[in-house]
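The values are calculated or read from the model by the stated rules, or taken from the named source; none is laboratory data. For clarity, every value in this text was computed on a predicted model and none was experimentally measured. Reconstructed Cβ throughout: ideal geometry from the backbone, glycine too, with neighbour counts over all protein chains shown. Ligands, DNA and RNA are excluded from the accessible area calculation, which covers all protein heavy atoms including side chains. Shrake-Rupley method; radii C 1.70, N 1.55, O 1.52, S 1.80 Å.
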Amino acid sequence: PIYPANAHSFAFADIPNGVKASWKMELDKIDLELGRAFYLGTNLIATPFVGASGHWMDQSYAISLTDTTNGAYSATFKNDSWAIGPRFGLETKWIFYEGFRLFGYGAFSLMFSENDMSGNSTEADTAYTAAKVEKDILRDVEELQIGLGWGSYFKIGRAHV
């Protein structure tokens, strides 16, 4: 944990000026898919696919407050992570009438992930620093969608919306 062993909890009644905190997150994600559509009758289309998935995420969190009993407290934390792995899935479309359809989408990714966390805090003029923690994990990511859609061809069947 980032907090020192002798850290105490704060009562909101002892914090007259409130708590100031901020959280910032940046997430970049990319999915690459290679698939082929198959017509299973005139109104049902299935598209199995295989590919790769990756993400990069940076988070930072800061908090500060002044406790009437113990003085000022501030802390900052940072977490950086990335993940990459294979991706498999299936997309289906059941076409009803005049371009309206019911669709379903499911995907599964098995990703290797590396997480780096660090932080520091200051409590009553005493500074604490947490050593950088690195953790590698294997995680699964599941996605599932179901919904209604509509599409139509125009320009004599050469373009689709």
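Among the residues of the stretch 105-161, those that are of a type in the set (Phe, Trp, Tyr) and either surrounded by 11 or more Cβ atoms within 10 Å (Cβ to Cβ) or within 29 Å of the chain's Cα centre (by Cα) (or both) comprise Tyr105, Phe108, Phe112, Tyr128, Trp150, Tyr153. Scanning the stretch 19-32 for residues that are farther than 20 Å from Trp82 by Cβ and of a type in the set (D, E, K, R) returns a single hit, Lys20.
Step by step: first the residues of the stretch 18-55, then only those that are of a type outside the set (Lys, Arg), in contact with a Ser or Thr (Cβ under 8 Å, 6 or more places away or on another chain) and not in a strand (DSSP E or B), then the one that is modelled with the highest pLDDT. Which residue is that? For the stretch 18-55, the residue satisfying everything is Ala37. Of the residues in the stretch 64-78, at least one is hydrophobic (A, V, I, L, M, F, W, C) and either surrounded by fewer than 14 Cβ atoms within 10 Å (Cβ to Cβ) or touching a Pro at 6+ places or on another chain (Cβ under 9 Å) (or both). Taking residues in the stretch 65-89 that are more than 29 Å from Lys132 (Cβ to Cβ), and partners anywhere that are in a loop (DSSP other than H, G, I, E, B), the pairs with Cβ atoms closer than 9 Å and at least 6 places apart or on different chains are Thr68/Ile15; Thr68/Pro16; Thr69/His8; Thr69/Phe10; Thr69/Ala11.
Here Phe38 qualifies as of a type in the set (Phe, Trp, Tyr) and over 30 Å from Leu138 (Cα atoms).
Scanning the stretch 34-52 for residues that are within 30 Å of Ser81 (Cβ to Cβ) and either touching an Asp or Glu at 6+ places or on another chain (Cβ under 7 Å) or open to solvent by 90 Å² or more (accessible area, probe 1.4 Å) (or both) yields Leu34, Phe49, Gly51.
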